[in-house]
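I have placed the structure first, in the form of structure tokens, so that the comments after it can refer back to it.
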Amino acid sequence: MIHIVYMSRAVRPLSDQELQQMLDQCRRDNASRNVTGVLFYSHGNIAQLIEGDAAVLEPLFEKISRDGRHSNVVELVKKNIAARSFSDWSMAFHPLQSSGFDALEGFLLPDHLRQPPSTLTIADAMMVDLVRLAVFGPDAVATEPAEPAHA
Amino acid sequence: MREQRLQDILEHMPAGVATLQGAELRYGFVNDAMRAVIGQEAQEGRLVAEHPGIIPADLLDVMQQVYQSGRPFVAKAYRLVMSASESQPSELSYYDIALEPVREGGGPVSGLLLFAVDVTAQEQARQRAHELAIETRRLDTRLRVLTETVPQITFTLNAKGKVEYVSPQWYYFTGQPPTADLNAIWPLLIHPDDRLRILYQSDTARAAGTGWNYEYRLRRHDGQYRWLLSRALPELHAPDKPVFWHGALTEIHDQRELSEALRRGEAELRFLADSIPELIWTATAEGFIDYYNQFTGEYTGLTRDELGPTGWINLLEPSEQANAARRWVHSIATGEPYEGLFRMRRHDGVYRWHIIRARQLTDTRGPRWFGACTDVDDQHRLREVLQTQYDELARTNRDLDTFVYTASHDLKQPLLNLRGLFDELRRTASFKDPEEEEIQTMVDGALSQLDTTLQELAATVQDQRGLSAPAEALNLRSVAEEVLLGLRAQVQEAGATVELNFEEAPSLTYGRANLRSIMHNLLSNALKFADPERAPLVQVHSHLSSTGQPTLTVQDNGLGMALPDAPNSVFQPFNRQHPHIGGAGVGMYLVQRIITSRGGHLEVASTVGEGTTFTIHWFDA
């Protein structure tokens with residue numbers, strides 16, 4: 001079992017409809033291939049964490065990298081993990097028209113994202129926090145006031 | 001019969017034919033084509049002047065003149081405005097018109113023959129060609145202005161690689177005369193180190209029919225070789241058969257030098273970072289580490305890939321990881337500098353204390369983070385050792401104080417016993433020898449001095465402890481009177497007068513024990529070192545200095561003393577000014593210590609045989 005985290009830029013902004021189509025299709029495909037994870041999208045910024053068997057994930061990431069809808073794909077990490085941290089595959093983005101999205105399966109509003117699951121190592125959880133910050137900006141990510149390091 | 005055939009032919013000719021008869025010019029024969037031009041009005045027998053159709057007035061004039069002069073007339077591409085019908089807008093048509101006078105049997109002119117051939121299509125094509133030529137000239141001029149004003153040198157080579165055209169900038173750059181043989185000179189102006197490469201590359205590109213893009217040094221008019229970028233593309237006429245290459249030379253010398261300097265600077269910085277025995281790293285705007293210096297690898301025993309963009313967190317002591325990660329995300333979100341003290345795992349598994357610091361650099365290339373982890377483990381340990389030693393020393397010091405105090409206290413009783421025994425001995429035994437009398441006095445004196453020394457030692461220890469006593473607002477008069485009460489015996493014995501004047505500054509915020517100790521020492525000294533020739537007078541005054549700071553003076557009319565050059569040496573412990581007067585020599589030392597430790601200083605003025613004045617500046621402003 002491995003997980004892969006990458007960031008990329010959409011070549012053009014994605015509409016609500018395109019995002020919803022992507023959500024439906026990826027959810028179906030990922031469920032059938034037993035791939036779980038989360039995708040963040042905002043203003044053309046994309047970040048995704050996917051987890052699954054290496055035999056599935058490696059060709060999948062290869063395909064993702066060649067997808068013409070985005071460019072500047074930067075693989076941040078690819079490593080073995082002991083267990084999954086996500087129960088399914090979901091997507092988080094700000095729809096332009098929020099009506100109807102709330103009920104959508106696998107859709108999350110960026111403000112409603114939970115803390116990274118505790119099954120992730122602290123280094124990996126920090127990476128999820130950082131890509132979320134990079135995609136949604138500082139406003140969407142509530143950072144706690146820093147405590148003194150030696151407290 | 002022949003005429004009928006001729007008429008048929010004329011009727012169906014694609015050109016318009018008409019005859020105009022008589023001086024008044026009536027339509028005669030008009031074929032279909034001509035009728036299509038002039039209009040249906042052109043019917044045989046009608047007057048042209050009354051039914052001109054589309055024939056304009058000027059052509060009617062010309063007809064009259066041809067008739068009269070008998071000279072034929074030809075008009076090329078004569079413009080006629082076709083009448084507008086309801087279905088079609090009026091349009092321009094062009095006709096070659098011929099007017100031929102008709103002479104019957106060589107006689108005078110009896111009519112006119114009118115030919116009209118439609119040349120509209122040819123004329124329009126001609127006009128288009130003309131417009132195109134104008135446009136081409138315009139574009140050509142523009143292109144020339146452009147090629148001759150851009151900073152680049154533009155050129156055209158033919159299929160054989162010979163220069164067909166080069167813009168004037170080439171001559172400005174190289175300083176060559178306009179008569180220069182370009183094909184011979186150009187290769188010679190290329191830097192010798194680049195020449196072979198460039199000739200080979202351009203040959204190869206021409207042979208392959210492709211463009212090229214390379215950099216080389218060309219000699220400028222001042223003899224300096226400058227870096228140029230040469231780019232050219234083939235002009236393809238037939239497939240894969242280029243006949244020309246068009247290209248431009250751009251001077252990139254400064255950019256190249258700059259990027260060379262940048263590369264050098266970057267290599268030097270990297271070398272510097274790799275030479276420092278500290279963990280140095282940089283991170284992207286998103287907070288992912290993209291560079292670790294060499295020492296990081298040595299310290300952690302991990303490669304860059306093993307560490308990864310966030311792997312440094314794993315190096316920290318597990319209990320500190322969550323806090324470190326949270327703070328890093330906070331710094332990335334806000335841009336605030338990162339700083340923390342963490343234990344970091346070395347390659348051998350030992351955790352050492354490090355200060356991790358990172359700051360954000362924001363410039364035109366966007367924000368980046370620069371960080372360093374400084375090993376402070378040794379300092380950390382040293383501080384712990386020092387703290388332990390300090391604690392031990394403080395304890396030892398306390399023990400010593402206690403010992404001295406206890407010892408002086410414990411010695412008092414034997415001394416008391418000794419004195420009692422000695423007094424008893426003197427009372428019961430009788431000494432004949434006058435020298436023995438003297439010895440008795442000396443023993444007596446020695447015993448007294450031992451007593452005083454013990455007392456003062458005990459007082460020293462007590463006062464040392466009192467140095468750090470809390471300050472409180474004290475009434476000077478009540479403290480002074482309390483001290484004098486203790487010295488009542490000495491005052492009476494010496495018959496001394498003590499004047500107290502605290503009106504100017506009646507109170508002082510000071511340690512109570514300290515103030516009492518200072519007063520006691522100064523007053524008892526003044527009494528002790530009194531001049532036997534006169535009655536002692538001690539004056540105690542409190543003042544406010546010019547800066548508003550309280551002072552105290554104690555003036556006596558005693559023996560006085562010779563002050564050495566270095567005033568501090570007066571008050572060293574056991575340093576006695578008047579050995580013939582009893583005392584341990586610790587009193588003034590103690591006074592001075594108290595005053596300086598509370599931020600003031602002691603001044604002394606003295607004249608031997610007249611007296612001494614001590615001035616205490618309680619607090620130095």
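Taking only Cα atoms, what is the 0 to 90° angle, nearest 10, from helix B:318-334's long axis to the longest principal axis of chain B?
Around 50 degrees separate the two axes.
How big is the charge dipole of the protein assembly as shown about its Cα centre, in debye rounded to the nearest 20, if each Lys and Arg gets +1 on its Cβ and each Asp and Glu gets -1 on its Cβ?
I would put it at about 2360 debye.
Using a 7 Å offset from the Cα along the Cα-to-Cβ direction at both B:Thr362 and B:Leu188, what is the distance between the two label points in nm, to one decimal?
About 5.9 nm separates the two model spin labels.
Taking R0 as 35 Å, what's the FRET efficiency between B:Glu215 and B:Thr334 from their Cβ-Cβ distance, rounded to 0.05?
With a Förster radius of 35 Å, E is 0.20.
Net charge around B:Glu384, counting only other residues with Cβ within less than 12 Å of its Cβ (Lys, Arg = +1; Asp, Glu = -1)?
Here the charged neighbours net out to -1.
Sort A:Tyr6, B:Tyr390 so the one with the fewest other Cβ atoms within 10 Å of its own Cβ comes first.
Lowest count first: B:Tyr390, A:Tyr6.
Take the Cβ-Cβ distance between B:Glu100 and B:Ala49 as r, set R0 to 25 Å, and report the resulting FRET efficiency rounded to the nearest 0.05.
Step by step, r from the Cβ atoms, then E = 0.80.
In vacuum, with every alpha carbon of the range B:2-118 counted as one equal point scatterer, what does the Debye formula give for log10 I(q)/I(0) at q = 0.10, 0.13, 0.17, 0.21 Å⁻¹? Two decimals, please.
-0.28, -0.48, -0.83, -1.26
Taking every alpha carbon pair in the range B:133-250, what does the distance histogram look like in 5 angstrom bins from 0, in percent?
Percent of Cα pairs in each bin: 2, 11, 19, 24, 20, 13, 7, 3, 1, 0.
Using +1 at the C-beta of Lys and Arg and -1 at the C-beta of Asp and Glu, which of B:Ala513, B:Gly28, B:Ala526 has the Cα lying farthest in the positive direction of the dipole of the protein assembly as shown?
So the residue we want is B:Gly28.
Averaged across the residues of A:118-126, what count of C-beta atoms belonging to other chains lies within 10 Å of each residue's C-beta?
Across the residues of A:118-126, the mean count of other-chain Cβ atoms within 10 Å is 6.
What lysines does B:Lys241 reach when the alpha-carbon gap must be under 22 Å and sequence neighbours fewer than 8 apart in one chain are set aside?
B:Lys241 reaches B:Lys160, B:Lys162.
Taking +1 at the Cβ of each Lys and Arg and -1 at the Cβ of each Asp and Glu, which of B:Ala473, A:Met127, B:Gln492 sits farthest along the dipole of the protein assembly as shown towards its positive end, judged by Cα position relative to the Cα centre?
With unit charges placed on the Cβ atoms, the residue in question is A:Met127.
Find, to one decimal place in angstroms, the Kirkwood hydrodynamic radius of the range B:333-393, where the mean of 1/r is taken over every pair of different Cα atoms and then inverted.
14.0 Å is the Kirkwood radius here.
Tell me, rounded to the nearest percent, the portion of alpha carbon pairs in chain B spaced more than 42 Å apart.
Here the long-distance tail beyond 42 Å is 71 percent of all Cα pairs in chain B.
As an exercise, use a Förster radius of 60 Å and the Cβ-Cβ distance of B:Glu493 and B:Asp274 to find the FRET efficiency, rounded to the nearest 0.05.
That gives a FRET efficiency of 0.10.
Which residues does a label at B:Glu260 reach in the range B:198-219, if reach means a backbone N under 13 Å from a point 7 Å past the Cα toward the Cβ?
Counting backbone N atoms under 13 Å from the label point, the list is B:216-218.
Can you put B:Ser202, B:Ser507, B:Ser542, B:Ser430 in order, fewest other beta carbons within 10 Å first?
With the sparsest Cβ surroundings first, the list reads B:Ser430, B:Ser507, B:Ser202, B:Ser542.
Once you have the Cα-Cα distance between B:Glu384 and B:Asp140, take 0.36 nm times their residue separation minus that, and quote the gain in nm to one decimal.
79.2 nm
Over the residues of the range B:281-340, compute the C-alpha Rg and express it relative to 2.2 N^0.38 Å.
Its radius of gyration relative to the 2.2 N^0.38 Å reference: 1.12.
For B:Ile355 and B:Phe422 in one chain, what is 0.36 nm times their gap in residues minus the Cα-Cα distance, to one decimal in nm?
Full-extension gain reported as 16.9 nm.
Which three lengths, in whole Å and largest first, does the range B:445-534 cover when its Cα atoms are put on their principal axes?
Computed over the range B:445-534, the largest-to-smallest principal extents equal 41, 32, 17 Å.
Just for the protein assembly as shown, what percent of DSSP beta bridges are antiparallel, to the closest 5?
That works out to approximately 90 percent antiparallel.
Just for the range A:2-136, what percent of DSSP beta bridges are antiparallel, to the closest 5?
75
Over all alpha-carbon pairs in the range B:258-375, figure out the percentage whose distance exceeds 20 Å.
Distances greater than 20 Å cover 41 percent of the Cα pairs.
Debye calculation, C-alpha points only, no solvent: report log10 I(q)/I(0) for the protein assembly as shown at q = 0.08 Å⁻¹, in the same order as the q values.
-0.96
What's the local net charge at B:Asn557, with K and R +1, D and E -1, over the other residues with C-beta under 15 Å away?
-3
Quick check: net charge around A:Gly44, other residues with Cβ under 13 Å of its Cβ, Lys/Arg +1 and Asp/Glu -1?
+2
For chain B, find the longest principal axis of its Cα atoms and tell me its angle to the long axis of helix B:587-597, 0 to 90°, nearest 10.
Approximately 20 degrees, to the nearest ten.
Under a cut-off of 26 Å between alpha-carbon atoms, report the lysines in cross-link reach of A:Lys78, not counting same-chain residues fewer than 8 places apart.
Here the lysines satisfying the reach criterion relative to A:Lys78 are A:Lys63.
Picking from B:Val48, B:Trp170, A:His3, whose Cα lies most toward the positive end of the charge dipole for the protein assembly as shown (charges on Cβ: Lys, Arg +1; Asp, Glu -1)?
Looking along the dipole axis, the top candidate is B:Val48.
If you scale each eigenvalue of the Cα gyration tensor by 5 and take the root, what three semi-axes come out for the range A:2-136, rounded to whole angstrom and sorted largest first?
21, 17, 15
In nanometres, what is the gap between the two model label sites at B:Phe403 and A:His43, each 7 Å from Cα along Cα-to-Cβ?
Each label point is offset 7 Å from its Cα along the Cβ direction, giving 7.5 nm.
Given Cβ point charges of +1 (Lys, Arg) and -1 (Asp, Glu) and nothing else, what value in debye, to the nearest 20, does the dipole of the range B:206-261 about its Cα centre take?
200
Give the lysines reachable from B:Lys412 as a straight Cα distance under 26 Å; neighbours fewer than 8 places away on the same chain don't count.
B:Lys412 reaches B:Lys528.
Separation between the B:Gln449 and B:Lys412 pseudo-spin-labels, each 7 Å from Cα along Cα→Cβ, expressed in nm?
In this crude label model, B:Gln449 to B:Lys412 measures out at 2.2 nm.
On a 0 to 90° scale, report how tilted helix B:2-11 is relative to the longest principal axis of chain B, with both axes built from alpha carbons and the result rounded to the nearest 10.
10
Dipole magnitude of the range A:2-136 about its Cα centre, charges +1 at Lys/Arg Cβ and -1 at Asp/Glu Cβ only, in debye to the nearest 20?
So the dipole magnitude of the range A:2-136 works out to roughly 260 debye.
By count of other Cβ within 10 Å, fewest leading, how are B:Leu262, A:Leu109 ordered?
Fewest to most other Cβ atoms nearby, the residues stand as B:Leu262, A:Leu109.
Where a number appears in this text, it was derived from the coordinates with a stated rule and is not lab data. Computed from a prediction, not measured in an experiment: that's the story for all the values here. When we count neighbours, we look across all protein chains shown, and the Cβ atoms used for this are built from the backbone with ideal geometry, even at glycine.
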